[in-house]
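> Submitted below is the structure of interest, expressed as structure tokens.
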Amino acid sequence: MRPARLTPAEEHERAELLRRVRRFRNGRVSLDPAGRTVIVVDDGVATGGTARAACQVTRARGASRVVPAVPVGRRTRSQACVRSPMT
């Protein structure tokens, strides 16, 4: 992707992200994870990338402990998040 086209693509993705946040939160405010144990559930782990990013963001927002939960997944993929130092 050429740098000149990066900004419109970025704007599109940010707009989509905000649309999804509004839809899934349905008017509820985001909870503050600071000082809490947080369970991050990813029900569609393929590579572990999304789960890992969610765990990292949750930890960066101050969670005292982050527990990744994967209901179904290949052993090597689900362990990708578990093996990362999240706590």
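> Of D42, D32, which has the most accessible area and how do the rest follow, probe 1.4 Å?
Greatest to least solvent exposure: D32, D42.
> A further question on this structure: Modelling each spin label as a point 7 Å along the Cα-to-Cβ direction, I'd like the F24/V72 distance in nm, to one decimal.
1.9 nm
> Still on this structure, please answer the following. In sequence order, what are the phi-derived ³J(HN,Hα) couplings for the stretch 14-25 according to the Karplus relation 6.51 cos²θ - 1.76 cosθ + 1.60 with θ = phi - 60°, rounded to whole Hz, with x for glycine and proline?
5, 4, 5, 4, 4, 4, 5, 4, 4, 5, 6, 7
> Highest mean first, what order results for 17-30, 43-56 on Cβ atoms within 10 Å?
Averaged packing, sorted descending, gives the order 43-56, 17-30.
> Let me ask another. Scan around V38 for amide H atoms under 5 Å from its own, H built in the peptide plane at 1.01 Å from N, and keep only partners 5 or more places away or cross-chain.
It is R65, V66, V67, by chain and number.
The values are calculated or read from the model by the stated rules, or taken from the named source; none is laboratory data. Everything quoted here is computed from the prediction, not taken from an experiment. Using ideal geometry, Cβ is built from the backbone for each residue, glycine included, and neighbour counts are taken over all protein chains shown. Just so you know, the surface numbers come from the protein's heavy atoms only, side chains and all, with ligands and any DNA or RNA stripped out. Shrake-Rupley method; radii C 1.70, N 1.55, O 1.52, S 1.80 Å.
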